[in-house]
Amino acid sequence: MISRSECFKCGACCIAFDIKALGKKVGEVCSYMTETNLCSIYKDRPDGCKYFLPDEICVLISTLSLRDKVKILRNIYGI
C-alpha cells in the first residue's frame, strides 16, 4: 500500500500530469509554476492540484533531477 508523504515542492507533478482546468497538457511546465518550483496561484489552484496527494513514489524519486522525476512519473502512470 502506498502511503501519503509530505510534498517535496519539486514541481514534478506540475510538469508530468495534465491539469485540465488550466489547459495544461502532459509534459508541459505549468504556466503558474515559479522559478523555485512553487505554485503562484496556490491559494486558488484547481481541485486536481489541491487534492493531489504526494506518496511513496515522491519519496523514492526525491533525490533525482527534476527531468528524471518527470520521466519516471510519466512512465509509472503511463502518460
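The values are calculated or read from the model by the stated rules, or taken from the named source; none is laboratory data. These numbers were taken from a predicted model, which means no experiment stands behind them. With ideal geometry, Cβ positions are generated from the backbone for all residues, glycine too; neighbour counts draw on all protein chains shown.
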Considering only helices (runs of 4 or more DSSP H) wholly within the chain, the ones with at least 1 residues that are polar (S, T, N, Q) are 66-77
Residues satisfying the stated conditions in segment 62-79, i.e. surrounded by 11 or more Cβ atoms within 10 Å (Cβ to Cβ) and either touching a Phe, Trp or Tyr at 6+ places or on another chain (Cβ under 9 Å) or basic (Lys, Arg) (or both): 62, 69, 71, 73, 74, 77, 79
Can you tell me which residues in segment 29-61 are surrounded by fewer than 12 Cβ atoms within 10 Å (Cβ to Cβ) and touching a Lys or Arg at 6+ places or on another chain (Cβ under 7 Å)? 53
Is it the case, given these coordinates, that residue 23 is on the phi > 0 side of the Ramachandran plot and modelled with pLDDT of 95 or more? yes
Given the conditions (1) touching a residue at least 12 places away in the same chain (Cβ under 8 Å); (2) of a type in the set (Val, Ile, Thr); (3) touching a Phe, Trp or Tyr at 6+ places or on another chain (Cβ under 9 Å), report the number of the one that residue 41 does not fulfil. (1)
Could you please give the count of residues in segment 44-79 that are under 12 Å from residue 11 (Cβ atoms) and free of Cβ contacts under 8 Å to residues at least 24 places away in the same chain? 2
